[in-house]
Amino acid sequence: MTVEAEPLARLRQRTSEKWRAYPDDVLPLFVAEMDYPLAPPIAAALHAAIERSDTGYVGPDRGLETAFAAYARDAWGWEVDEAGVRTSTDIGVVVVEALRRLIAPGDRVVITPPVYPPFFSYIPEAGGVVEEVPLLSDADGADWSLDLAGIEAAFASGARALLLCNPHNPLGLVHPPEQLAALASLAARYGAHVVSDEVHASLTHRDARFTPFLSVSDDARGVGVAAHAASKAWNLAGLKCAFFVATGAEMIERVRALPIEVEERTSLFGRIATETAYREGGPWLEGALDAIEANRALLARLLAEHLPEAAYREPRASYLAWVDLRAFGWGDDPAAHILENARVAFANGPAFGREGRGFARVNLACSPEVLTEAIERVAALR
């Protein structure tokens, strides 16, 4: 199925953050929203819900859980026990509620910057204290990995959990199973837990393979809870549905013990859309990945032509690109300089941690024409 971005004139009719945060002279490539039309099966399911006035509270139907278990088995070879799947409003709520049940107030929780900015606030919201163990990178930033030695030192000194980004935003890094298994072993050894945010899992590209954290070992199943949603892959963030996944017996019991209100705050429309995405959204997602992978290669060509001093490693997951702009002398936050002077909005690198100084994150889920114009505008600043 071919998936193409909608025209700018139509996109500017949207009322979401991407299209209301800035005036119309700004090209918005910052927040993680897609410019593609909603997948037809999802649109049809939502229209049908409206037509039957199905706008009440979330009920006991387990269609989403069954659909996700089948999807996980088919997509990743991961056997998920439906008893360990429970919904809530969004990934942030799933992460915070999971952490609240795995740590005590004041416990340190490891994150691995540069990383999704809300990670810095999820942990104190859950009662914890952030401990940073940055990713390791080679000299030119082309290869990134978890700092397992640094994580072990944090666990050994008392950190009680790690909040994992898998795949890793903003790098589009797909963690190899060997590293995930090593992380699980460390957590088990030191009595720590892992909460794995896997919201970008379905956006893994064809030249990589996503590994669910909970699938790598008995240790992982014993220490971990995963956070999943269809929100990123099918652009459903506004419908407010995400879910906990646990596969170890103890973790399943912790998820089942969540207050009922955590689940009942899920949007009914979100459940309907999410179930449809996992059951029927495959052809649309394949088309979206075609467009995203074409744009990740286009960005490489545009940078080579117009901004050759920029450093860029093509992502292997998500529709977000991490671009090193330090060579241009635009300060710690080049996205701020670009917004003011080129009227292009990228995500601000320092928001992802100190390691993001001099970087910007670029949204690739747009038309090739918009991406081209954005880079050409930035190149005019040189």
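For a protection proxy built on the mean count of beta-carbon atoms within 10 angstrom, sort 166-177, 37-48 highest first, please. Kindly include the intermediate steps, with their values, before the conclusion.
On the way: 166-177: 23.6, 37-48: 16.3.
Put in order of decreasing packing, that is 166-177, 37-48.
More than 17 Å apart: what percent of Cα pairs in the range 274-328 qualify?
The share of Cα pairs beyond 17 Å in the range 274-328 comes to 48 percent.
With every protein chain kept in place and ligands, DNA and RNA left out, what is the accessible area per residue of the range 279-376? Probe 1.4 Å, answer in Å². Mind showing how you got there, number by number?
Numbers: 3680 Å² over 98 residues.
With all protein chains present, the range 279-376 gives 38 Å² per residue.
Could you give the Stokes-Einstein D for the range 226-336 in µm² per second, using the C-alpha Kirkwood radius, 37 °C, 0.692 mPa s?
On the way: Rh = 17.4 Å.
Calculated translational D: 189 µm²/s.
Please provide three numbers in whole Å: the alpha-carbon extents of the range 332-382 along the principal axes, with the largest listed first.
The principal-axis extents, from largest down, are 32, 24, 13 Å.
Hey, could you get me the Stokes-Einstein D for the range 53-123, Kirkwood radius over alpha-carbon pairs, 37 °C and 0.692 mPa s, rounded to whole µm² s⁻¹? Walk me through the numbers before you get to the answer.
Values: Rh = 15.0 Å.
Stokes-Einstein gives a translational diffusion coefficient of 218 µm²/s.
Which order do the peptides 362-368, 125-131, 102-108 come out in when sorted by mean C-beta neighbours inside 10 angstrom, highest first?
Values: 362-368: 23.3, 125-131: 18.4, 102-108: 15.7.
Descending mean neighbour count gives 362-368, 125-131, 102-108.
Suppose the Debye formula is applied to equal point scatterers at every Cα of the range 227-273; what is log10 I(q)/I(0) at q = 0.13, 0.21, 0.29 Å⁻¹?
Scattering profile of the range 227-273, log10 relative to I(0): -0.34, -0.76, -1.03.
Suppose all protein chains stay in the model; what accessible area per residue would a 1.4 Å probe give for the range 29-140, in Å²? Write out the running numbers ahead of the final one.
Working: 4730 Å² over 112 residues.
I get 42 Å² per residue for the range 29-140.
Roughly how many whole Å is it from the C-alpha centroid of the range 280-301 to that of the range 243-259?
Computed from Cα coordinates, the inter-centre distance equals 34 Å.
Given the rule -39500 (n - 2.57) for each run of at least 4 DSSP H residues, summed and divided by the residues of the chain, what is its mean residue ellipticity at 222 nm, to the nearest 500 deg cm²/dmol? Please report the intermediate quantities before stating the final value.
Details: 15 runs with 152 residues, N = 382.
Theoretical 222 nm ellipticity from helices: -11500 deg cm²/dmol.
I need the shape label for the range 116-168. Rule: rounded when a/c is under 1.5, else prolate if a/b > b/c, else oblate, with a, b, c from the alpha carbon gyration tensor.
oblate
Would you pull out the residues with amide H under 5 Å of VAL58's amide H, same chain only if 5 or more places away, H placed 1.01 Å from N?
LEU268
State log₁₀ I(q)/I(0) for the chain at q = 0.08, 0.12, 0.14 Å⁻¹ as given by the Debye formula over alpha-carbon point scatterers of equal weight, solvent excluded.
-0.40, -0.92, -1.24
Calculate, in whole percent, how much of the Cα-Cα pair population of the range 122-210 lies beyond 20 Å.
On the way: 1470 of 3916 pairs.
Here the tail beyond 20 Å accounts for 38 percent of pairs.
Ordering GLU79, GLU293, GLU132 from largest to smallest accessible area (1.4 angstrom probe), what's the sequence?
The ordering from most to least exposed comes out as GLU79, GLU132, GLU293.
Using θ = phi - 60° and the Karplus form 6.51 cos²θ - 1.76 cosθ + 1.60, what ³J(HN,Hα) does each residue of the range 361-366 get, whole Hz, x for Gly and Pro?
Coupling constants for the range 361-366: 9, 10, 7, 9, 8, 9 Hz.
Of HIS306, ILE375, ASN348, which is farthest towards the positive pole of the range 296-382's charge dipole, taken about the Cα centre with +1 and -1 on the beta-carbons of Lys, Arg and Asp, Glu respectively?
Going by the charge dipole, the pick is ASN348.
Under 5 Å between amide H atoms, partner at least 5 residues away or on a different chain: which partners does ALA192 have, H built in plane at 1.01 Å?
Distant-sequence amide H within range of ALA192: zero hits.
Can you compute 3J(HN,Hα) from phi for each residue in the range 49-57, using the Karplus curve 6.51 cos²θ - 1.76 cosθ + 1.60 with θ = phi - 60°, rounded to whole Hz and x for Gly and Pro?
Working through the residues one at a time gives 5, 4, 4, 9, 6, 8, 10, x, 7 Hz.
Given Cα pairs under 8 Å that are at least 6 residues apart, what percent is the relative contact order of the chain? List each step's numbers first, then the result.
Details: 768 pairs, mean separation 87.8, N = 382.
Averaging sequence separation for qualifying contacts and normalising by length gives 23 percent for the chain.
So for the pair ARG354, ARG377, with labels modelled 7 Å out along Cα→Cβ, what separation do we get in nm?
The answer from the label model is 3.3 nm.
Please report the carbon-and-sulfur percent of the accessible area for the range 14-152; probe 1.4 Å, protein heavy atoms only, DNA, RNA and ligands left out. Present the calculation step by step, with values, prior to reporting the outcome.
On the way: 3260 of 6020 Å².
Heavy-atom surface of the range 14-152 belonging to carbon and sulfur, 1.4 Å probe: 54 percent.
Using a 1.4 Å probe and ignoring any ligands, DNA or RNA, find the accessible area of ASP143 and quote it in Å² to the nearest 10.
90 Å²
Using the Kirkwood radius built from alpha carbon pairs, what does the Stokes-Einstein equation give as D for the range 1-74 at 20 °C and 1.002 mPa s, in µm² per second? Numbers along the way, then the final one.
Working: Rh = 15.6 Å.
For these conditions, the coefficient is 137 µm²/s.
Mind giving me the FRET efficiency for GLU286 and ALA156? R0 is 35 Å, r the Cβ-Cβ distance, nearest 0.05 is fine.
Numbers: r = 44 Å, r/R0 = 1.26.
Taking R0 as 35 Å, the efficiency between GLU286 and ALA156 is 0.20.
With Rg and the Kirkwood Rh both taken from Cα atoms, where does Rg over Rh land for the range 1-127? Spell out each step's value before the answer.
Values: Rg = 19.2 Å, Rh = 18.8 Å.
Checking Rg against Rh, the ratio lands at 1.02.
Show me, for the range 159-169, the HN-Hα J-couplings you get by feeding each phi into the Karplus relation (A = 6.51, B = -1.76, C = 1.60, θ = phi - 60°), rounded to Hz, glycine and proline as x.
Calculated HN-Hα couplings, in order: 4, 9, 7, 10, 9, 9, 10, 9, x, 8, 9 Hz.
By its C-alpha gyration tensor, with a ≥ b ≥ c as the square roots of the eigenvalues, how is the range 76-173 shaped: rounded for a/c under 1.5, else prolate for a/b larger than b/c, else oblate? Intermediate results must be reported in sequence, preceding the final value.
Values: a/c = 1.75, a/b = 1.23, b/c = 1.42.
The shape class here is oblate.
The values are calculated or read from the model by the stated rules, or taken from the named source; none is laboratory data. Bear in mind the structure is a predicted one, so any value in this text is a computation, not a measurement. Every residue, glycine as well, gets a Cβ built from its backbone with ideal geometry; the counts of neighbours run over all protein chains shown. Accessible surface areas use protein heavy atoms only, side chains included; no ligands, DNA or RNA. Shrake-Rupley method; radii C 1.70, N 1.55, O 1.52, S 1.80 Å.
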